[in-house]
2 protein chains.
Amino acid sequence: MTGAPLPPGAETVVPVEWTDGGLGEGAVRGMRARSLGPEGATGHVQVYRPAEARAHVRAKGSDVKAGDRALEAGTILGPPQIALLAAIGRGTVRVRPRPRVVVLSTGSELVQPDTELGAGQIYDSNSFALTAAARDAGAIAYRVGAVADDAETLRSTIEDQLVRADLVVTTGGVSVGAYDVVKEALSHVADEDEAGSGIEFRKLAMQPGKPQGFGSIGPDHTPLLALPGNPVSSYVSFELFVRPAIRALMGLQDVHRPTTRATLTADKALTSPKGRRQFLRGTYADGRVIPVGGAGSHLIAALAHADALIVVPEDTESVEPGTEVEVVLLG
Amino acid sequence: MTGAPLPPGAETVVPVEWTDGGLGEGAVRGMRARSLGPEGATGHVQVYRPAEARAHVRAKGSDVKAGDRALEAGTILGPPQIALLAAIGRGTVRVRPRPRVVVLSTGSELVQPDTELGAGQIYDSNSFALTAAARDAGAIAYRVGAVADDAETLRSTIEDQLVRADLVVTTGGVSVGAYDVVKEALSHVADEDEAGSGIEFRKLAMQPGKPQGFGSIGPDHTPLLALPGNPVSSYVSFELFVRPAIRALMGLQDVHRPTTRATLTADKALTSPKGRRQFLRGTYADGRVIPVGGAGSHLIAALAHADALIVVPEDTESVEPGTEVEVVLLG
C-alpha cells in the first residue's frame with residue numbers, strides 16, 4: 001500500500017513492528033486494538049507501545065489544498081509534475097503539443113546509405129541528421145528523405161506533407177544555380193493570394209549558411225525554413241533558426257542554446273571572412289574551446305566530434321589564440 | 001544541390017555569378033566553358049573571371065578517409081554523428097537499444113485520475129510519474145498501472161509483462177505489513193532453481209526510501225526493482241537506483257545525476273534522523289539551495305517545484321543555514 005486514507009473511525013496508525021501482528025504471540029503488556037485487515041477482516045492485535053492520536057496520519061490538504069494553484073501555466077511537465085497532476089486526480093490537462101516537423105532534403109545527386117554510389121552521387125545525410133535534431137529539440141519529426149531536383153516532384157511532395165506538418169524544413173536548392181529548384185517549387189506551393197504567404201530567399205551575413213529561405217506555404221500558412229544543402233551549413237542553420245522555432249512552437253521561454261565565453265586554445269589564429277559572422281566547430285571544457293576541423297561546410301567528421309560553435313563576429317577577420325570568444329554550447 | 005562530386009573530366013568549379021548563366025548575355029570577355037546542365041544538357045557559358053584549377057573542389061577524403069575511424073565505440077549518436085554515418089554510407093550500425101522498462105504500481109487503494117474517489121481511496125500517481133521518469137532517463141517505458149493487493153494477480157501481471165521487459169519497476173508493498181503482497185508475489189515469480197534469481201528486500205539507511213527490493217525474476221533473470229509506495233519515496237528511489245540502472249543498460253559511462261556543493265539558504269536548521277541519509281527536496285541556483293516543503297514522503301507538490309535533492313549524511317542530525325551541503329541536480 002502507498003499510504004491509504006485513514007479508515008472511518010480510526011484515530012491513529014500503529015507500526016506493525018509495535019504489535020504481535022494479530023497472531024497473539026509475545027504480547028505481554030499494552031493495549032488491544034481492532035485490526036483492519038485485508039478485505040474487511042477483523043480480529044485482535046496486541047500493541048506493545050502507546051500510540052499518540054494522529055501519529056503517522058497526514059492531514060488532508062497537507063500536500064495541496066483545494067483551491068491551491070498546483071502548477072503555474074507554462075510549467076514543463078516532467079515526472080514530478082505528472083505525479084502531482086495524477087495525485088490530485090487530474091487525468092487530462094491542456095498542453096502545447098510537440099510540433100510536427102517534416103524534414104526533406106533535395107538533390108538528384110543524393111542516394112540513401114547502404115546503397116552503391118554511382119558516378120556523381122553522394123549519400124544523403126541531411127535528412128537523417130535534421131530529423132534527429134528536430135526530435136532532440138522536442139518535435140515529432142518525419143523524415144521524407146531525398147527528393148530529386150525537379151520542381152514539380154518537389155512541389156507535390158511538399159503539398160502531400162502539409163497535412164501532417166506544423167513546420168517544414170528543406171535542405172538544398174537555395175543558392176544560385178541551375179539546379180536550385182526549391183525556389184521554383186515553393187513559389188507554386190505558396191498561396192500568394194493570402195497575406196503573409198510566400199517564401200523569401202536571402203543571403204545572410206554568416207558562414208556557413210549564407211543562403212536561406214523562410215516563409216509560409218499552403219492554405220494553413222505552414223511555416224517553412226529552406227536551409228542550404230551542405231551538411232555543416234544545414235546543421236548550423238538548424239541550430240540557429242529551426243531549433244528556436246520548434247521551441248517557440250512548444251511554448252518554451254528559453255528557445256536558444258546556452259552561450260558562454262571561452263578562451264580560444266589553438267596553434268594558430270582563426271581566420272574569418274570580413275562581413276560574415278562565422279560559426280566554427282569546437283570542443284568546450286572548463287572555460288576553454290578548441291577548434292575541430294576547418295571552416296569547410298562539408299566537414300561532417302569534425303562536426304561529429306564538436307560540442308560547441310565558436311562565434312567570430314562579422315567585423316573580425318582574425319582571432320589570436322588566447323582570445324576570449326563567444327561559444328554556443330550544443331549540449 | 002548539396003555539393004555533388006566533380007563530373008569526370010571537369011577541373012574546377014566556376015560560381016554562376018561569374019558567368020552569363022549560359023544565356024549569352026553581357027559576356028564581353030573571358031573564357032568559354034562547357035556547361036553541365038541538368039539531365040546532361042550541354043551548351044556554352046561565358047565566364048568573366050579566370051578560375052583556378054580545383055577551385056571550390058573538395059579533395060576526396062578531406063572529411064573522412066577510407067580506413068579512418070569515423071566514431072569511437074560508445075559514442076552517443078546525436079544528429080551530427082548520424083549525419084556522419086549517413087554521409088559515409090553506413091545505413092546501419094550496432095547500437096545498444098533503449099531498454100524496455102515496465103512500470104507498475106501496487107495497492108488496492110489506488111484509482112486512476114479523472115475518476116471519483118471512494119472511501120479509503122487515493123489516486124495512483126507513481127505509475128505515471130515513474131513511466132515519465134523512465135522515458136526521461138532514455139528508456140522505452142510501458143505503464144501497466146495500478147495492480148490490486150493480491151499476490152496471485154500481481155504475480156500473473158508481472159509474468160505477463162516479462163516478455164517486453166528489460167527491467168521491471170514496482171512501487172508499493174515493500175514495507176512490513178499485512179497488505180505487502182509484493183514480497184509474496186515475487187517469491188513465486190522468481191526462478192529459485194537458477195543461481196542469481198530472486199528478490200531481496202532490505203531496509204536502507206536513507207529517508208525517504210527506507211524499504212527497497214531488488215533482484216531478478218523469471219526465466220531470463222529480468223532485473224526488478226521494488227520501490228516503496230509513497231510518491232516522494234518512489235521518485236527519490238527511482239532517481240538513485242533505477243535511473244542509473246537504465247543508463248547502465250544503455251551503455252553510458254556517466255550513469256548518475258550531476259552533484260554539486262551549495263550553501264543552504266533556509267530560515268531554520270534542517271533536521272535529519274540519525275543513521276539515515278536524508279534526501280530533501282530543494283531548488284538550486286547560483287551556488288545556493290533552498291529547501292521546498294518538508295521531509296514528508298507524501299509531499300508531491302513540493303517535489304513538483306524542486307529541481308534538486310539536498311543530501312544530509314547519515315551522521316548529521318542538524319544542518320544550520322549557511323552550511324555547505326551536497327546537492328543532486330535533477331536537471
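If you place +1 on the Cβ of every Lys and Arg and -1 on the Cβ of every Asp and Glu, how big does the dipole about the Cα centre of chain B come out, in debye to the nearest 20?
On the way: 32 positive and 39 negative charges, 320 e Å.
Computed about the Cα centre, the dipole is about 1540 debye.
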Checklist line | DSSP loop trypsin sites (Lys or Arg not before Pro) with at most 15 other Cβ within 10 Å: longest gap in chain B | finding: B:95-267
Next item on the list: Mind grabbing the interface size between B and A? I mean buried accessible area, both sides, 1.4 Å probe, in Å² to the nearest hundred.
Entry: 5200
Note to self: Restricting to DSSP H runs of at least four residues, report the calculated mean residue ellipticity at 222 nm for chain A, -39500 (n - 2.57) per run over all residues, nearest 500 deg cm²/dmol.
What the structure shows: -5000 deg cm²/dmol
Notebook entry, point to check: Leaving out same-chain residues fewer than 8 places away, which lysines sit with a Cα under 23 Å from that of B:Lys60?
Noted result: none
Note to self: At 10 °C and a viscosity of 1.306 mPa s, what translational diffusion coefficient does Stokes-Einstein give for region A:272-331, taking Rh as the Kirkwood radius over Cα pairs? Give it in µm²/s as a whole number.
What the structure shows: 135
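Averaged per residue, what accessible area in Å² does the protein assembly as shown show with a 1.4 Å probe, protein chains only? Walk me through the numbers before you get to the answer.
Values: 33580 Å² over 662 residues.
In whole numbers, the protein assembly as shown has 51 Å² accessible per residue.
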Check: What number, in percent, do you get for the relative contact order of region B:100-249 if the mean sequence gap of Cα pairs under 8 Å and at least 6 apart is divided by its residue count?
Finding: 24
Checklist line | Nonlocal amide H pairs with A:Tyr142, under 5 Å, H built at 1.01 Å | finding: A:Val101, A:Val102, A:Val103
Check: lysines near B:Lys210 by alpha-carbon distance under 17 Å, same-chain residues fewer than 8 away left out - which ones?
Finding: B:Lys183, B:Lys274
Next item on the list: Tell me which residues come under 5 Å, amide H to amide H, from A:Met206 once H is placed; ignore anything under 5 positions away on its chain.
Entry: A:Arg277
Check: When all C-alpha to C-alpha distances in chain A are sorted into bins of 20 Å, what percent of pairs does each bin hold, rounded to whole numbers?
Finding: 24, 37, 18, 17, 3
Check: Considering only protein heavy atoms, what is the solvent-accessible area of B:Glu72 at a probe of 1.4 Å, reported in Å² to the nearest 10?
Finding: 120
Next item on the list: Quick one: compute the contact order of region A:259-329, relative version, from alpha carbon pairs under 8 angstrom and 6+ residues apart, as a percent.
Entry: 47
Next item on the list: Using θ = phi - 60° and the Karplus relation 6.51 cos²θ - 1.76 cosθ + 1.60, list the HN-Hα couplings for region A:162-172 in order, rounded to whole Hz, with x at every Gly or Pro.
Entry: 4, 4, 10, 10, 8, 7, 10, 10, 10, 10, x
Checklist line | Listed residues B:Ile246, B:Gly229, B:Ser156: farthest to the positive end of the dipole of region B:100-249 (Cβ charges) | finding: B:Ile246
Check: Where the centroid of each part is defined by its Cα atoms, how far is region A:245-301 from region A:63-137 in Å?
Finding: 24
Notebook entry, point to check: Ignoring ligands and nucleic acids, what accessible area does A:Val16 show with a 1.4 Å probe (Å², nearest 10)?
Noted result: 50
Margin query: Restricting to Cα pairs below 8 Å that are 6+ residues apart, what does the relative contact order work out to for chain B? Please round to a whole percent.
Written below: 11
Check: What list of ³J(HN,Hα) values in whole Hz, one per residue of region B:52-62 in order, does the Karplus curve 6.51 cos²θ - 1.76 cosθ + 1.60 (θ = phi - 60°) give from phi, with Gly and Pro shown as x?
Finding: 5, 4, 6, 5, 6, 9, 9, 5, 4, x, 5
Note to self: Which aspartates and glutamates, if any, have their Cα less than 20 Å from the Cα of A:Lys268, not counting same-chain residues under 8 positions apart?
What the structure shows: A:Glu314, A:Asp315, A:Glu317, A:Glu320, A:Glu324, A:Glu326
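Quick check on region A:100-249: take the gyration tensor over C-alpha atoms, sort the square-rooted eigenvalues as a ≥ b ≥ c, and tell me if it's rounded (a/c under 1.5), prolate or oblate. Kindly include the intermediate steps, with their values, before the conclusion.
Numbers: a/c = 1.37, a/b = 1.21, b/c = 1.13.
Note, shape of region A:100-249 comes out rounded.
Over all directions, the average projected area of the alpha-carbon convex hull for the protein assembly as shown comes to how many nm²?
On the way: hull surface 151.2 nm².
Here the figure is 37.8 nm², rounded to one decimal.
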Check: In degrees between 0 and 90, to the nearest 10, how far off the longest principal axis of chain B does helix B:126-137 point, with axes built from Cα atoms?
Finding: 30
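The values are calculated or read from the model by the stated rules, or taken from the named source; none is laboratory data. All figures in this text were calculated on a predicted structure; none of them were measured in a lab. With ideal geometry, Cβ positions are generated from the backbone for all residues, glycine too; neighbour counts draw on all protein chains shown. These accessible areas exclude ligands, DNA and RNA; they are computed on the full protein's heavy atoms, side chains included. Shrake-Rupley method; radii C 1.70, N 1.55, O 1.52, S 1.80 Å.
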